[in-house]
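Visitor: Have a look at the structure that comes next, please.
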C-alpha cells in the first residue's frame, strides 16, 4: 500500500528528545491494536532522532514499515513512518518541507522548552492527509532538486541504529512512553515474528 | 476440584460470556485476540467495547482445547447434538482458528437445516475476514452460501454484488498480495457481472487500487484478467475490426498509466511485469505493429538507461524482449 502512517516534529536534546507535534493515521489497524501501534510509532521516532547525527538524513526499514528521519543542525527533526511502497524521494522532500514550515510558524526559542506533544501546528495534520497521494509531490519539484539522495543513510533494521550492547527488547522494557499493554504486544509480535498479527 | 475441572469450568464461563454478546449484539464490527500475559483473578477475558469483541490471549488455550474436544465428541456420537451447541462450538473455534475446515462444513449443514440464515452466516464470515483476511476456507464458504442463496432467491441484485466487491477490496487492503481475495472477486465478476459496463467499471476501481498498492502484483493480475475480458467482450458484441480498435485504445491508455506510475515510483517490479503483459497483448491483436512498438520501447529503455533509473529491472526487461519477442537493443 502507498501509505503514510505517522509524521512528527521532534526536538533533539543532548540527551533524549521531545515530540513537539505528531499526528497519525491508524485507520488500517485493528481496534484493539491502534493504541499500541500509535505508542510504538512515537517511541520509534524518538529513538531514531536520539540516535541520529545532527544534519543527517536516514531511512530505516523495519518489517513492512519504513521510517524516514531528517535531523537538522539546529536540533529540529522530522520523522515520517510510511509503508514500503511510499516513494523515498517524496518522503524526504516532505521532511524538509515540514521543518521549513514549522520553523516559520513556531519561534525557535520555544522548541527546546516545549512539553511532549504540546505544540499547535495544524499544518502537519493537513500534510498527513494530503501526501497520502505521492503525486502531490509534483508541486515540490524545486525542493526535490536540492535533495541529494546519495546522502541518505540507509539502515536495514531498527537494531542497526543501536549502540553496541544495546538491545531493542531492553529499550522497550525500560521505556516510560509505552504502556504495559503495548509492551506485551511487542513481545507477542516478536515471538511470532509478525507485526500486529497474532497466531494462537 | 483438580486442574482439568477448573479449566473446563473456566472455558464454560468464557463461552457463556461470548454467548451473551453474540445473542445481544447484531452488529459486531471486529473480533481480535488481545495479547495479555497473565490472567487477572476473577476477571473475564472477554472484552466488549463499542461493537468490538476481544479475547485476552491467555484464555485461548483453555477455550480452544475445551471447544475442540467437545466438538470432536459431537462428531463421533451417532446421535446428533443439538444445533445450538454445534453453532456455538464452531463459532468459537472459527473465531480463533478460521482454517478449521470441519467446523466450516458443520456450519454448512446448519444452514441447510435452516438453523442459520444465509444472511447471518455471511455477516459472520465478514467478521472473521476482518481478522484473517487471507483465509481460503472463508472465501469458499462464502461462495457456497451465495450459490445457495441464488438457488432459492434468484440472481443477486446490484447492491449485493457491489457489497461483495467492496468486501474483496477490504480483504486485499488488509493483507498484501491477497490472491484469494482477488480470485474471489474474479469469480463474482465472472458469475454475476459478466458484461462490458461492469468490466469497464472494474477498470476504474482497479486503477485507483493499483495506484495506491504499487507492489501488490495480485491486484495487477486481477487487472490483467479484466483487460483480457474486456477484449473478448468487445469481440462478442462488435465487428472484428472495430473490436480490435477499441481494445487497442484500452491497451494504449494502460501503457500511459504505467509510464505515469514509473515516473513516481522507483524499482517496482510489478510495473515492469505489467508492461510486458501490455506489450504482448498489443502484439497479439496486430502483429504488424511490431516495428512501431519496438521503436517506442527502445526510446523508453534508452531514456531510462541514460538517467540510470531502475537499472536492474531495465536489464531484465531487455533480456525478456530479446528472448520472447526477438527484439535486440544494441
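Visitor: Pairs, please: C-beta under 9 Å, at least 6 apart or cross-chain, first residue in contact (Cβ under 8 Å) with a residue 60 or more places away in the chain and in region A:27-40, second surrounded by fewer than 17 Cβ atoms within 10 Å (Cβ to Cβ) and assigned to a helix (DSSP H, G or I)?
Guide: If the second residue must be surrounded by fewer than 17 Cβ atoms within 10 Å (Cβ to Cβ) and assigned to a helix (DSSP H, G or I), the pairs left are A:35/A:181; A:36/A:181; A:39/A:181.
Visitor: Separate question: Across region B:83-104, what is the total count of residues that are in contact with a helix residue (DSSP H, G or I) (Cβ under 9 Å, 6 or more places away or on another chain) and either farther than 17 Å from residue B:30 by Cα or more than 14 Å from chain A (Cβ to nearest Cβ) (or both)?
Guide: Filtering region B:83-104 for residues in contact with a helix residue (DSSP H, G or I) (Cβ under 9 Å, 6 or more places away or on another chain) gives B:83, B:85-104.
After this cut, where a residue has to be either farther than 17 Å from residue B:30 by Cα or more than 14 Å from chain A (Cβ to nearest Cβ) (or both) as well, the list is B:83, B:85-91, B:99-104.
Residues flagged as in contact with a helix residue (DSSP H, G or I) (Cβ under 9 Å, 6 or more places away or on another chain) and either farther than 17 Å from residue B:30 by Cα or more than 14 Å from chain A (Cβ to nearest Cβ) (or both) within region B:83-104 amount to 14.
Visitor: Considering (1) within 12 Å of chain A (Cβ to nearest Cβ); (2) without any contact (Cβ under 8 Å) to a residue 60 or more places away in the chain, say which one residue B:109 fails and leave the rest.
Guide: Condition (1) is where residue B:109 drops out.
Visitor: Identify all residues within region B:135-152 that are out of contact with any helix residue (DSSP H, G or I) (no Cβ under 6 Å at 6 or more places or on another chain) and surrounded by 18 or more Cβ atoms within 10 Å (Cβ to Cβ); write none if there are none.
Guide: Correct list: B:135, B:146.
Visitor: Within region A:132-145, identify whether any single residue is modelled with pLDDT of 90 or more and either closer than 22 Å to residue A:65 by Cβ or within 14 Å of chain B (Cβ to nearest Cβ) (or both), and answer yes or no.
Guide: Within region A:132-145 (the criterion being modelled with pLDDT of 90 or more and either closer than 22 Å to residue A:65 by Cβ or within 14 Å of chain B (Cβ to nearest Cβ) (or both)), the answer is yes, since at least one residue qualifies.
Visitor: How many residues does region B:129-149 contain that are within 13 Å of chain A (Cβ to nearest Cβ) and in a helix (DSSP H, G or I)?
Guide: Residues meeting the conditions: 3.
Visitor: Also: When region B:24-55 is examined, which residues are found to be surrounded by 20 or more Cβ atoms within 10 Å (Cβ to Cβ) and more than 10 Å from chain A (Cβ to nearest Cβ)?
Guide: B:45, the sole residue that qualifies.
Visitor: Another question, then. Within the group B:184, B:180, which residue is closer than 28 Å to residue B:113 by Cα and modelled with pLDDT of 95 or more?
Guide: Values: B:180 fails: closer than 28 Å to residue B:113 by Cα.
Matching residue, one of B:184, B:180: B:184.
Visitor: With B:41, B:63 as the choices, which residue is free of Cβ contacts under 8 Å to residues at least 12 places away in the same chain and under 18 Å from residue B:6 (Cα atoms)?
Guide: B:41
Visitor: Sticking with this structure for a sec: May I ask you to say which residue of B:170, B:164 is within 17 Å of the chain's Cα centre (by Cα) and either crowded, with 19+ Cβ neighbours inside 10 Å or outside any helix (DSSP H, G or I) (or both)?
Guide: When all the criteria are applied, what remains is B:164.
The values are calculated or read from the model by the stated rules, or taken from the named source; none is laboratory data. Being a predicted model, the structure only gives us computed values, none of them experimental. Every residue, glycine among them, receives a Cβ derived from its backbone with ideal geometry; neighbour counts consider all protein chains shown.
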